[in-house]
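Following: one structure in structure tokens, then a few remarks.
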Amino acid sequence: MSLRSRSIVYLVFSVMAALSIAGCGFFQGDNRTEEQKRESEQRTRDEVAKATECAKPELQKAGRELKEAAKTAAEQAHAAAQGVKEGWERSGKHSVDLNSASESELKDLPGITRREARKIIAGRPYDSPHELVDKGVLSEERYSQIRERIDVK
């Protein structure tokens, strides 16, 4: 358990102890006078306020550290995703030639359906990969998903 976690646990136990010591009716029978109950409640409030005041800087510091840790984790996750993308692109996957690729090779491209693969084949020959969009074979969005993996020879 980290120091922060122990501090928080200590705070909780301190509050519980303060409630018990203060003679809170929750922990004792209610044989006390109204004045004793009010005094007990005031002591409880004072003890809890003191414990909270002592813990506040630690809790604020823990919150700042948690925020920084979350930011670092998000940055690392983004870097890892970029690494996966770069590794995928470097893993020997060659560009698919739009003018000679089979239907199967075209369907292996991200998001390309059988119907789209057949439309690509039917639209041959291509002078540039972007002609897929110019000829209405693919939408700009679908093209952007595969543009790094296609070429024209």
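Quick look at the values:
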quantity: Projected label distance in nm at residue 77 and residue 58, using a 7 Å step from Cα toward the beta-carbon; calculated: 2.9
quantity: For residue 78, net neighbour charge (Lys/Arg +1, Asp/Glu -1) across residues whose Cβ lies under 14 Å away; calculated: 0
quantity: Virtual spin-label span in nm between residue 67 and residue 128, 7 Å along Cα→Cβ; calculated: 4.8
quantity: Span per principal axis, largest first, for the Cα atoms of segment 28-153 (Å); calculated: 97, 27, 24
quantity: For segment 96-151: rounded, prolate or oblate by the Cα gyration tensor [a/c cutoff 1.5]; calculated: rounded
quantity: Paramagnetic reach from residue 99 in segment 112-128 [backbone N under 18 Å; point 7 Å along Cα→Cβ]; calculated: 120-128
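A short reminder: the numbers here are calculations on the coordinates, not readings from a lab. The shown structure was predicted, so the numbers you read here are calculated from the model rather than taken from an experiment. Cβ atoms come from the backbone with ideal geometry, glycine included; neighbour counts cover every protein chain shown.
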